[in-house]
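One structure is given below, encoded as structure tokens.
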Amino acid sequence: MADPSTYRPAPGAIPTSPGVYKFRDAHGRVIYVGKAKSLRPRLSSYFQDLAGLHPRTATMVTTAASVEWTVVATEVEALQLEYSWIKEYDPRFNVKYRDDKSYPELAVTLNEEYPRVQVMRGAHKKGVRYFGPYGHAWAIRETVDLLLRVFPVRTCSNGVFKRARQVGRPCLLGYIGKCAAPCVGKVSADEHRALAEDFCDFMAGRTGNYLRRLEDQMQEAAAELEYEKAARLRDDIGALKRAMEKNAIVLADATDADLLALAEDELEAAVQIFHVRGGRVRGQRGWVTDKVEDVDTAGLVEHALQQLYGGGESVPREVLVPALPEPAEPVREWLGGLRGSQVDLRVPQRGDKKDLMATVQRNAQQALALHKTKRASDLTTRSRALQEIADALELDSVPLRIECYDISHLQGEDVVASMVVFEDGLARKSEYRRFQIRGFEGQDDVRSMHEVISRRFRRYLQEREQTGEWAVPEEDDPDTAAAGTRDEEGRPKRFAYPPQLLVVDGGQPQVAAARRALDELGIDDVALCGLAKRLEEVWLPGEDDPVVLPRSSEGLYLLQRVRDEAHRFAISYQRNKRSKRLTAGELDSVPGLGETRRRALLKHFGSLKKLRAATVDELCEVPGIGRRTAQTVAEALSSRTPAAPAVNTATGEIIEDGAEQAAGPVAAAPQTAPSQETP
């Protein structure tokens, strides 16, 4: 008997999206499949006290050894995927599946002279076509009701059918056009059977050709001025489309395909594959891999295809991927050789296949997020990572607080820096800080790093001096030690905590600049290293050779996470700062004029050109603008020369009168050539 707590997912790792989940036993066999509108509360309910669970549920969770889930877009998709997998895996703890009567199916009795469409339960009978299973009988009846106007197959019981033949009068469905009324001879037995077979083909997924045929007939009827017939065909097409349950889990035309999607970051990539057979998702697999080489999405796709089909996996007619390998033709030929016929390897661009690819992509993203959450939240793993860092850098103790710094700019403009903090291997976002480089103009990452480290630790020294910590060297006074890092209200000071390890994004030059800044301030008790992005080498100050950690090292993984978080934080700040600069107008620097009154002025006058020519009295006519504010605006605008023609960055249009200030983001012309952001 297994303990459910040994495989319980972290509550934050479970998504709140609709989805389907599977419990597996120690041998990997699926023992239970379920669906949920929101996966998080449903899965959490299985891991409460065993005494509070139903005996059968308690037996299931103690038999299981793992749980996994698949995220879908809607509850309808979850319903269909659940039943597909119940039929596929035959889980022992799915009570309803063990009793077929609990699963209603749509049946067409092709073994009768006049086939009938009906809801059936229980064991399958010879000569009857079955579709489903469905969750509810009413779902079948709604679908059949929509399709009967196009495929008027009989749905009445044998008793009603015989009675109608005897009296020579059809039932109500025959009068309203939802039955071809074979009971009174309106159609022959062969014609009625043809209707039943078309109905079966449509339900089996071969919908595309039939819809196209109806559309062609509608166009022909309209061209021949048979508008009543064209209108009837139009309504038939609408009924069929409503009955098709457009969603990402069902594909038209009984498609056989494998869909592969990726979610990746700089360190790892998650691969998800959905196997579609007969238009239905019949299987799923996935894995997470380390990006041990510099490879793009196309390269990851090629590696995934090799791993998937190289072991003898059957190749379907279509393989849909997010990006084509480069070159793609050798891969197509290889897949075609495995299959024995041509394989369509492509990126879906529209329609159902693109929608299903989006679902596979969501599952890949969820798999990657779950993998990272498990790895980061594991206390044992974090402890091992910190110990590996301490051993590799020859530190006296493990670095419980790590700070990382990164520089970001765009061709020397809007130069900013970021500081991120990790404590005990976890991000401490409340202590993140960002800096604007003020000491010089232009692009110089080394000089910028020196300035940021100097400013951060100068503040650290100032706060220690202000609290009198220098005057009380005794370290055994807990009250004094606590007061030195707290303000009057007991909250932690912004820069009061020194790190045990300082990490900079870069190689030897950045490390040397940081070391110089620390030496100038007399700080010698903070360990320092740099992580170079190209080869993931760890550089120490004063060393000619880097420290190379194994690719599988948890210590290297933690340093990479810290570095990447600093990079993300710096880039987001730099982009935000640049966006504000590009969208700033002449009114932004007018003192006492906020966003609401700026918009009111531009709306009233229509453009900066007219606003610049307005008098103080005319400015006072604007709601919310007093005389003092009007005088301030008039003086501010009159003291400035008209700016160069403005450019709407959304359209590239040059606008003479500055009206774009009220319409969208602008920048002064001319604009510099495109350039790359530098982290």
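The values are calculated or read from the model by the stated rules, or taken from the named source; none is laboratory data. What you see is a predicted model, and the numbers here were worked out from it, not measured in a lab. A quick note on method: Cβ atoms are made from the backbone with ideal geometry, for glycine too, and the neighbour counts reach across all protein chains shown. Ligands, DNA and RNA are excluded from the accessible area calculation, which covers all protein heavy atoms including side chains. Shrake-Rupley method; radii C 1.70, N 1.55, O 1.52, S 1.80 Å.
The lone criterion from (1) open to solvent by 10 Å² or more (accessible area, probe 1.4 Å); (2) over 28 Å from the mean Cα position of the chain (by Cα) left unmet by Leu426 is number (2).
Find all pairs meeting these conditions: Cβ atoms under 7 angstrom apart; at least six residues apart or on different chains; first residue within the range 364-383 and over 11 Å from Glu264 (Cα atoms); second residue crowded, with 16+ Cβ neighbours inside 10 Å and at pLDDT below 70. Every condition considered, the pairs that remain are Thr381/Arg375. When Gln500, Gln510, Gln466 are checked against the criterion of being closer than 27 Å to Leu386 by Cα, polar (S, T, N, Q), at pLDDT 65 or above and open to solvent by 40 Å² or more (accessible area, probe 1.4 Å), a single residue qualifies: Gln500.
Screening Ala646 with (1) touching a helix residue (DSSP H, G or I) at 6+ places or on another chain (Cβ under 9 Å); (2) at pLDDT 85 or above; (3) surrounded by 13 or more Cβ atoms within 10 Å (Cβ to Cβ) gives one miss only, at (2). Within the range 423-454, being free of Cβ contacts under 8 Å to residues at least 60 places away in the same chain and over 24 Å from Arg401 (Cβ atoms) holds for Ile437, Arg438, Gly439, Phe440, Glu441, Gly442, Asp444. Return the residues of the range 391-423 that are at positive phi and open to solvent by 50 Å² or more (accessible area, probe 1.4 Å); say none if nothing qualifies. Glu394, Gln411, listed by residue number. Scanning the range 429-447 for residues that are assigned to a strand (DSSP E or B) and open to solvent by less than 50 Å² (accessible area, probe 1.4 Å) yields Arg433, Phe435.
Just a yes or no: is a residue in the range 53-61 crowded, with 19+ Cβ neighbours inside 10 Å, at pLDDT 75 or above and not hydroxyl-bearing (Ser, Thr, Tyr)? Checked the range 53-61: at least one residue is crowded, with 19+ Cβ neighbours inside 10 Å, at pLDDT 75 or above and not hydroxyl-bearing (Ser, Thr, Tyr). Put simply, of Ala36, Ala2 the only residue that is of a type in the set (A, V, I, L, M), touching a helix residue (DSSP H, G or I) at 6+ places or on another chain (Cβ under 8 Å) and more than 22 Å from Ala78 (Cα to Cα) is Ala2.
Of everything listed in (1) modelled with pLDDT under 80; (2) in contact with a helix residue (DSSP H, G or I) (Cβ under 9 Å, 6 or more places away or on another chain); (3) not hydroxyl-bearing (Ser, Thr, Tyr), the single unmet condition for Ala482 is (2). Cβ-Cβ contacts under 8 Å between residues 6 or more apart (or on different chains), taken from a first residue in the range 209-223 that is within 13 Å of Asp236 (Cα to Cα) to a second residue that is open to solvent by 40 Å² or more (accessible area, probe 1.4 Å) and acidic (Asp, Glu), are listed as Tyr210/Asp198; Tyr210/Asp201. Can you tell me which residue within the range 62-73, out of those that are more than 24 Å from Gln365 (Cβ to Cβ) and among the β-branched types (Val, Ile, Thr), is surrounded by the fewest Cβ atoms within 10 Å (Cβ to Cβ)? Ranking the qualifying residues of the range 62-73, first place goes to Thr62.
Here Val548 fulfils each of the conditions (1) touching a Gly at 6+ places or on another chain (Cβ under 8 Å); (2) over 21 Å from Val420 (Cα atoms) apart from (1). On the stretch given as the range 513-552, residues that are surrounded by 13 or more Cβ atoms within 10 Å (Cβ to Cβ) and either at pLDDT 80 or above or assigned to a strand (DSSP E or B) (or both) total 25. Any residue at all in the range 361-375 that's open to solvent by 60 Å² or more (accessible area, probe 1.4 Å) and small (Gly, Ala, Ser)? No; the residues of the range 361-375 include none that is open to solvent by 60 Å² or more (accessible area, probe 1.4 Å) and small (Gly, Ala, Ser). Taking each residue of the range 21-49 that is at negative phi and open to solvent by less than 30 Å² (accessible area, probe 1.4 Å) and looking for partners that are of a type in the set (Asp, Glu) and outside any loop (DSSP other than H, G, I, E, B) with beta-carbon atoms closer than 8 Å, six or more apart or interchain, yields Tyr21/Glu68; Lys22/Glu68; Ile31/Asp25; Val33/Glu82; Gly34/Glu82.
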